[in-house]
Every structure is written in structure tokens, then in C-alpha cells.
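Just below is one structure, and these are the notes that go with it.
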Amino acid sequence: MNTTSAATASAVTFVWLGMVLGISFLEAPLKFRAPGVTIPIGLGIGRMVFRALNLVEALLAVVVIVAVALGGAPAPVTALTAAVAVLLLVQLVLVRPRLNRRSDRVLSGAEAVDGPRSHDHLVYVALEIVKAAVLIALGIALLTA
């Protein structure tokens, strides 16, 4: 893989990883523990933050895909790039809309605020964990490509 493409894709991959770790695994759970933050306020903030995160993730994914495609990447790098792109796509197209519909119901009062977490939330968290692992593997693969 050419050096410029590998360096670009690697840097962007680790920035992407940092954003996922910082927002999904730090900000998201901590905001509900802050004094005065109710479930509806936390949901409203979370929707805005994750909308922004997902937009940035999509842009970063495009940069990584282009760098990998132009750089003559080896098969493992290409496979990891495809895997992380598919994980993000599943989150954006299949899971996020369902989470948004549920948060709409909670915010409108149609669903209990203190109810159990939805199955879709657990799926999203599982996908975030797998995505973080794939980003780590991709970043390492790009550093050694």
C-alpha cells in the first residue's frame, strides 16, 4: 500500500476510533449521571450528539474507503475497511431509526421514561463494541501495510 494512503487512512481511522470511544463509551453513559439531567433531557442531547457523530463517522468512512481504494491496500485492510463500513451502515440504516422512534415515544410521553432499555439499544451498543474492535484492527493493519 502506498505510504500516503496508508498514513491518511491510519490517521483517520484512529480519529474515528477516538470519537467512538469518547462519545459512545464516555459521554453517552455519563450524561445521565450528571446532576439535573433527566431522561428526556439526556435523550434529547444524545440524539443531537449521535446525529453529529454519525455524520462525522460517515465522512471519515468515505475518507478511509477512498484512501484504501487508491492506495493499493492488501486484502486484510480491504476486508477490515469493508467490515467497518458495513457496521456503520447497519447502525445508520437499521438501528438508529428504530432508536429514534423509541426516543420519540418516550419524549412524547407515550412510553415510560423509566422503562427497560430497548433491545435495539443493546444491539447498537454491541455494534459499537464490534466497530471499535474493527477500527483498532484496521488502524494496526494500516500501520503495518
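The values are calculated or read from the model by the stated rules, or taken from the named source; none is laboratory data. No experiment lies behind these values; they were computed from the predicted model shown. Don't worry about glycine lacking a Cβ; one is built from the backbone with ideal geometry, like all the others, and counts go over all protein chains shown. Surface areas here come from the heavy atoms of the whole protein model, side chains and all, with no ligands, DNA or RNA. Shrake-Rupley method; radii C 1.70, N 1.55, O 1.52, S 1.80 Å.
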Report, in degrees rounded to the nearest 10, the 0 to 90 angle that the Cα long axis of helix 39-70 makes with the longest principal axis of the chain. 10
In the Gaussian network model of the chain, springs joining C-alpha atoms below 10 Å, which of GLU128, GLU111, GLU57 carries the largest mean-square fluctuation? GLU111
Kindly provide the helix-only [θ] at 222 nm of the chain, computed as the sum of -39,500 (n - 2.57) over DSSP H runs of four or more divided by all residues, to the nearest 500 deg cm²/dmol? -26000 deg cm²/dmol
Could I have the simple spin-label model distance between ARG33 and GLU111, label points 7 Å from Cα toward Cβ, reported in nm to one decimal? 2.5
Expected unfolding gain across ALA133-ARG47 under the 0.36 nm per residue rule, minus the alpha-carbon gap, is 28.6 nm
With the other protein chains left in place, how much accessible area per residue, in square angstrom, belongs to the chain at a 1.4 angstrom probe? 53
ALA7 to LEU89: extension gain in nm, 0.36 nm per residue of separation minus the Cα-Cα distance? 27.1 nm
Identify, among PRO97, THR81, ALA9, the residue whose Cα sits farthest towards the positive end of the charge dipole of the range 1-102, taking +1 on the Cβ of Lys and Arg and -1 on the Cβ of Asp and Glu, with the dipole about the Cα centre. PRO97
Let me know the Rg and Dmax you get for the chain when you use only its Cα atoms, in Å. 17.1, 55
Using 7 Å Cα-to-Cβ label points, what is the LEU59/ALA79 separation (nm, one decimal)? 3.2
Mind telling me which of LEU26, LEU92, LEU135 comes out most flexible in a GNM of the chain, alpha-carbon contacts under 10 Å? LEU26
To the nearest 20 debye, what charge dipole does the range 54-145 have about its Cα centre, counting +1 at the Cβ of each Lys and Arg and -1 at the Cβ of each Asp and Glu? 120
Set the Förster distance to 35 Å, then compute FRET efficiency between ASP104 and VAL66 from the Cβ-Cβ distance, nearest 0.05. 0.50
Take every Cα pair under 8 Å in the chain that's 6+ residues apart, average their separations, divide by the length, and report that relative contact order as a whole percent. 44
Roughly how far apart, in whole Å, are the Cα centres of the range 22-42 and the range 53-124? 19
